[in-house]
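Below is one structure, written out as structure tokens; comments come after it.
Here, each number is a calculation from the coordinates, and none is a lab measurement. In this text the structure is predicted, and so the values were computed from the model without any measurement. Cβ placement follows ideal geometry from the backbone for every residue including glycine, while neighbour counts extend to all protein chains displayed.
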Amino acid sequence: MRETIRARGHDNVRAEHASTFEVTTDDWLTPAGDCILAVEADRSPSEFDPAFVDACRDRDARITARIEVGDHVQVVDGHGHPDLTFESDRSAVARTSDYVDDRTVMVDADHAAAGFDHALVESLQEGADLVLTLAVEHGGRPD
């Protein structure tokens, strides 16, 4: 099962945060937003299919985030959590910790914004388009 968000980079993208990365529907970004990869997302977690949300509410769920920016592709692997709500109408956040709030779409991510490829980040700083595809799997087989 998959959900896709399309957004665009911004000149204030820093990708320096050590424990999260985020994509937001906001149309602005200050330099303090060091976890935000892209702005003007075309959808938020509150719009995801309820079946996708349910599948992610399992500690055994493996969630993969595939981030595409031009020719650059980065994959982040993480897990689901029973407390995921996907209720945010503003942003999607992946976390290296197991902290959950209404914006969280993945926990135990294998890296955060600071782990993104420098060339990908530079493209985002130039305003490139980003495609974030979230996929959930259980027991080694895609749902």
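Residues that are in a loop (DSSP other than H, G, I, E, B) and buried (at least 17 other Cβ atoms within 10 Å of the Cβ) within segment 86-99 comprise F86, S88, T96, listed in sequence order.
Against the test of being buried (at least 16 other Cβ atoms within 10 Å of the Cβ) and either β-branched (V, I, T) or not in a loop (DSSP other than H, G, I, E, B) (or both), the options T133, T64, T30 yield a single qualifying residue, T64. Please specify each residue of segment 23-33 satisfying the condition of being in contact (Cβ under 8 Å) with a residue 60 or more places away in the chain and either within 17 Å of S123 (Cβ to Cβ) or basic (K, R) (or both). Matches in segment 23-33: V23 only.
Here S123 fulfils each of the conditions (1) part of a helix (DSSP H, G or I); (2) among the small types (G, A, S); (3) out of contact with any strand residue (DSSP E or B) (no Cβ under 6 Å at 6 or more places or on another chain) apart from (3). When V75 is tested against (1) out of contact with any Phe, Trp or Tyr (no Cβ under 7 Å at 6 or more places or on another chain); (2) closer than 22 Å to E126 by Cα; (3) part of a loop (DSSP other than H, G, I, E, B), exactly one condition is not met: (3).
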